[in-house]
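Data block below; observations after.
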Amino acid sequence: MIAMLATVIVFTGCKDDDDDPAPVEKGNFATLSEYMVNNDLDLPTLLGTPSKWVVAPELISKGGIVDPTDHSIPGYHVFDIRSAEHFAQGHIKDAINVALTDVLTKAAEVGTDKPILMVCYSGQTAGRATMALRLSGFADAQVMKFGMSYWHTDFDKWTAKISDVADGNSNWEIDVASPGLPLNDFPAWETTSTDGATILADAVTAMLSVSDWGNQSADILADPLAHNIYNYWDEATYMSIGHYKGAYLNSVISLENDLVSNFPQEDEFNVYCYTGQTSSFAVAWLHVLGYNAQSIYYGVNSLRHTALDEAGKPAWHHSKDYPYVASK
């Protein structure tokens with residue numbers, strides 16, 4: 001991620017010194033973080049409630065967004081960021097095929113008469129695109145829950161990913177309290193600008209070009225103590241559903257009160273949630289700030305799906321099998 005950001009951000013920070021920690025120095029991080037807080041771009045504000053940033057493709061007749069007659073989504077500009085090949089195989093009526101790196105340009109073209117709905121394969125990459133849009137003035141952009149997997153079985157990426165592999169695994173802990181959160185310096189980097197808006201725009205563009213932003217859950221489960229891992233839940237769920245061995249409970253990710261200082265200054269770390277959708281959204285935001293964050297794909301649905309489902313937490317079930325449009 002750091003390498004991909006190098007075109008606009010040059011990192012100058014040193015690794016944390018656990019024996020003699022240096023005072024927290026924000027540098028240009030302060031310019032960006034203060035701008036984001038002052039403009040309501042802190043992560044808790046951007047997330048809001050789940051219905052505000054992610055929306056399920058339910059029929060309008062059931063209070064949703066999908067027209068039951070032609071199965072379009074008339075209240076949104078629908079951006080489909082899958083490959084051109086997969087888009088041609090099938091897509092939502094009136095959807096626009098857009099490359100991830102072009103979402104801001106296309107958003108400026110279509111205007112603001114309707115909100116933008118981001119669609120991908122599983123709802124995870126769409127989180128990154130939606131974060132870019134929300135940080136760039138499109139505050140009502142949303143993710144379509146579970147992506148095209150939810151739309152029709154023909155595009156289902158989810159079913160093959162759900163698993164209970166963590167059940168009984170010695171690297172998965174239940175009823176074990178979180179280690180104390182560490183305190184680290186903020187990312188240290190320099191830019192050619194001292195203007196918060198310009199720094200943010202450059203960082204968002206760089207974030208959209210990052211291709212390596214996630215890890216497979218099973219790879220982390222094999223040796224969790226070899227990774228920096230942060231659980232993005234409430235404490236009760238962290239204890240009852242469980243967590244990777246040694247994972248930190250980090251329920252609030254925010255610039256307010258310097259809560260992002262819990263993350264390593266430059267070392268890679270992993271953030272996970274129920275489905276990988278919220279963590280993809282959060283990790284994109286952390287990338288903008290210069291952190292070397294990774295989202296754990298498909299979240300705990302790929303580790304303890306049955307336990308999540310029984311507890312009434314977000315869990316994959318099946319596709320809607322709505323009609324779709326195939327290009328000639």
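Here is a check on your reading of the model: is SER254 closer than 22 Å to VAL204 by Cβ, of a type outside the set (A, V, I, L, M, F, W, C) and touching a Phe, Trp or Tyr at 6+ places or on another chain (Cβ under 6 Å)? Criteria not met by SER254.
Which of the residues spanning the range 60-70 are surrounded by fewer than 18 Cβ atoms within 10 Å (Cβ to Cβ) and closer than 20 Å to MET118 by Cβ? Full working, then the answer.
So in the range 60-70, the residues surrounded by fewer than 18 Cβ atoms within 10 Å (Cβ to Cβ) come out as 60-64, 67-70.
Scanning the range 60-70 gives ILE60, GLY64, ASP67.
Among the residues of the range 61-101, those identified as more than 23 Å from the chain's Cα centre (by Cα) and not in a loop (DSSP other than H, G, I, E, B) are SER61, LYS62, VAL66, SER72, GLU85, ALA88, GLN89, LYS93.
Filtering GLY147, GLY64, GLY75 for residues that are in contact with a Pro (Cβ under 7 Å, 6 or more places away or on another chain) and modelled with pLDDT of 95 or more leaves a single hit, GLY64. A residue that is hydroxyl-bearing (Ser, Thr, Tyr), assigned to a helix (DSSP H, G or I) and modelled with pLDDT of 95 or more occurs nowhere in the range 221-236.
Going by the conditions given, is ARG134 charged (D, E, K, R), at pLDDT 95 or above and closer than 24 Å to LEU259 by Cα? Outline the logic, then answer.
Numbers: charged (D, E, K, R): yes; at pLDDT 95 or above: yes; closer than 24 Å to LEU259 by Cα: yes.
The answer is yes for ARG134.
When restricted to residues that are surrounded by fewer than 24 Cβ atoms within 10 Å (Cβ to Cβ), closer than 23 Å to LEU303 by Cβ and within 16 Å of the chain's Cα centre (by Cα), the range 128-158 contains 1. Number of residues in the range 263-280 that are assigned to a helix (DSSP H, G or I) and touching a Phe, Trp or Tyr at 6+ places or on another chain (Cβ under 7 Å) equals 2. A residue that is free of Cβ contacts under 8 Å to residues at least 12 places away in the same chain, assigned by TED's automatic domain parsing to the domain that holds ASN250 and not small (Gly, Ala, Ser) occurs nowhere in the range 152-175.
Is there a residue being of a type outside the set (Val, Ile, Thr) and touching a residue at least 12 places away in the same chain (Cβ under 8 Å) anywhere in the range 56-64?
So the first thing to find is which residues in the range 56-64 are of a type outside the set (Val, Ile, Thr), and the list is 56-59, 61-64.
Narrowing further to those that are touching a residue at least 12 places away in the same chain (Cβ under 8 Å): 56-57.
Yes.
State yes or no: is VAL24 among the hydrophobic types (A, V, I, L, M, F, W, C), at pLDDT below 95 and over 22 Å from MET207 (Cβ atoms)? Spelling it out, VAL24 is indeed among the hydrophobic types (A, V, I, L, M, F, W, C), at pLDDT below 95 and over 22 Å from MET207 (Cβ atoms). Going by the conditions given, is VAL260 touching a helix residue (DSSP H, G or I) at 6+ places or on another chain (Cβ under 9 Å), touching a residue at least 40 places away in the same chain (Cβ under 8 Å), part of a helix (DSSP H, G or I) and farther than 21 Å from ASN301 by Cα? Spelling it out, VAL260 is indeed touching a helix residue (DSSP H, G or I) at 6+ places or on another chain (Cβ under 9 Å), touching a residue at least 40 places away in the same chain (Cβ under 8 Å), part of a helix (DSSP H, G or I) and farther than 21 Å from ASN301 by Cα.
Within the range 170-179, restricting attention to residues that are assigned to a loop (DSSP other than H, G, I, E, B) and on the phi < 0 side of the Ramachandran plot, the residue that is surrounded by the most Cβ atoms within 10 Å (Cβ to Cβ) is SER178.
Taking the criterion of being assigned to a strand (DSSP E or B) and touching a helix residue (DSSP H, G or I) at 6+ places or on another chain (Cβ under 7 Å), the residues of the range 180-220 that qualify are TRP189, GLU190.
The values are calculated or read from the model by the stated rules, or taken from the named source; none is laboratory data. Please read all numbers here as calculations on a predicted model, not as lab measurements. Here Cβ is always computed from backbone atoms with ideal geometry, including for glycine, and neighbour counts include all displayed protein chains.
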